[in-house]
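A.B. asks: Encoded as structure tokens, here's the structure I'll be asking about.
The values are calculated or read from the model by the stated rules, or taken from the named source; none is laboratory data. Everything quoted here is computed from the prediction, not taken from an experiment. Glycine also receives a Cβ, built like all others from the backbone with ideal geometry; neighbour counts cover every protein chain displayed.
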Amino acid sequence: MLARSCLAVLAVVLSVASTPARAMVCMEKSMTLDEVVDTIGAQKGCESAMKVFQDCQLTASGDVQLGAAVEKKCEPDFMPGLNIARKRAYQREMRVCDRKYRNKSGTMYLSFTAFCRAEIAQRYSQRALKAGGAGR
């Protein structure tokens with residue numbers, strides 16, 4: 001009986017693992033999650049990267065990858081100009097996002113966390129660019 005249960009679980013895992021990447025409609029075309037991440041990375045700057053994230057959001061766990069791509073796009077605008085205290089403040093704000101929904105269940109809370117983090121990176125980018133810091 002236990003062996004049959006294990007085989008059934010293994011069959012489900014293998015069928016899920018072999019499923020091709022799901023497509024989503026983003027920017028009026030069908031794209032995989034990886035293609036959206038690439039699109040975010042190909043944007044000219046932080047603002048347009050965030051716009052793609054907003055337009056293509058899933059309100060689910062996939063938003064973690066999209067939000068991370070936005071962070072990666074925004075951080076070069078301000079990270080080189082931050083002193084140690086400001087870097088710590090940035091990291092502290094990111095941890096607040098990480099803790100905000102940690103006790104909630106459901107993938108939408110992963111999305112909320114991803115947006116929280118991306119918005120902080122966007123805000124730091126905006127400040128740096130406004131102040132004439134490093135930028136794109």
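A.B. asks: Working carefully through the options Arg92, Arg22, find the one that is modelled with pLDDT of 95 or more and of a type outside the set (Val, Ile, Thr). Give the derivation first.
C.D. replies: Working: Arg22 fails: modelled with pLDDT of 95 or more.
None of the other options fit; the residue is Arg92.
A.B. asks: Moving on to the next point. Kindly provide the set of residues from the range 96-136 that are touching a residue at least 40 places away in the same chain (Cβ under 8 Å), assigned to a helix (DSSP H, G or I) and basic (Lys, Arg), ordered by number.
C.D. replies: Arg117, Arg127 - these are the residues of the range 96-136 that are touching a residue at least 40 places away in the same chain (Cβ under 8 Å), assigned to a helix (DSSP H, G or I) and basic (Lys, Arg).
A.B. asks: Sticking with this one: Given the conditions (1) within 30 Å of Arg102 (Cβ to Cβ); (2) assigned to a helix (DSSP H, G or I); (3) at pLDDT 95 or above, report the number of the one that Val13 does not fulfil.
C.D. replies: (3)
A.B. asks: Here is a follow-up. With Lys44, Lys72 as the choices, which residue is of a type outside the set (S, T, N, Q), out of contact with any His (no Cβ under 7 Å at 6 or more places or on another chain) and not in a helix (DSSP H, G or I)? Let's see the steps before the verdict.
C.D. replies: Values: Lys72 fails: not in a helix (DSSP H, G or I).
Selected residue: Lys44, the only one of Lys44, Lys72 that is of a type outside the set (S, T, N, Q), out of contact with any His (no Cβ under 7 Å at 6 or more places or on another chain) and not in a helix (DSSP H, G or I).
A.B. asks: Of all residues in the range 75-95, which are outside any helix (DSSP H, G or I) and surrounded by fewer than 16 Cβ atoms within 10 Å (Cβ to Cβ)? Can you show your working first?
C.D. replies: Of all residues in the range 75-95, those outside any helix (DSSP H, G or I) come to 82-83.
Once the filter is applied, which keeps residues that are outside any helix (DSSP H, G or I) and surrounded by fewer than 16 Cβ atoms within 10 Å (Cβ to Cβ), the range 75-95 yields only Asn83.
A.B. asks: Would you point out the residue of the range 95-106, among those that are of a type outside the set (D, E, K, R) and more than 13 Å from the chain's Cα centre (by Cα), that is farthest from Ala60 (Cα to Cα)? Quick ask: steps written out before the conclusion?
C.D. replies: Filtering the range 95-106 down to residues of a type outside the set (D, E, K, R) leaves 96-97, 101, 103, 105-106.
Next cut, more than 13 Å from the chain's Cα centre (by Cα) only: 96, 101, 103, 105-106.
Details: Val96: 20, Tyr101: 13, Asn103: 16, Ser105: 11, Gly106: 8 Å.
If we take residues in the range 95-106 being of a type outside the set (D, E, K, R) and more than 13 Å from the chain's Cα centre (by Cα), then Val96 is farthest from Ala60 (Cα to Cα).
A.B. asks: Please tell me if Met50 is surrounded by fewer than 16 Cβ atoms within 10 Å (Cβ to Cβ) and touching an Asp or Glu at 6+ places or on another chain (Cβ under 9 Å).
C.D. replies: Details: surrounded by fewer than 16 Cβ atoms within 10 Å (Cβ to Cβ): no; touching an Asp or Glu at 6+ places or on another chain (Cβ under 9 Å): yes.
No; evaluated as a whole, the condition is false for this residue.
A.B. asks: Leu66 passes all but one of (1) in a helix (DSSP H, G or I); (2) surrounded by 13 or more Cβ atoms within 10 Å (Cβ to Cβ); (3) hydrophobic (A, V, I, L, M, F, W, C); (4) modelled with pLDDT under 95; which number fails?
C.D. replies: The one condition Leu66 does not meet is (4).
A.B. asks: Also, I was wondering about something else. Could you list, in sequence order, the residues of the range 27-47 that are farther than 14 Å from Val70 by Cα and among the basic types (Lys, Arg)?
C.D. replies: Answer for the range 27-47, where residues must be farther than 14 Å from Val70 by Cα and among the basic types (Lys, Arg): just Lys29.
A.B. asks: If I ask for residues that are surrounded by 15 or more Cβ atoms within 10 Å (Cβ to Cβ) and not in a loop (DSSP other than H, G, I, E, B), which ones from the range 53-63 would you list?
C.D. replies: Within the range 53-63, Phe53, Cys56, Asp63 qualify.
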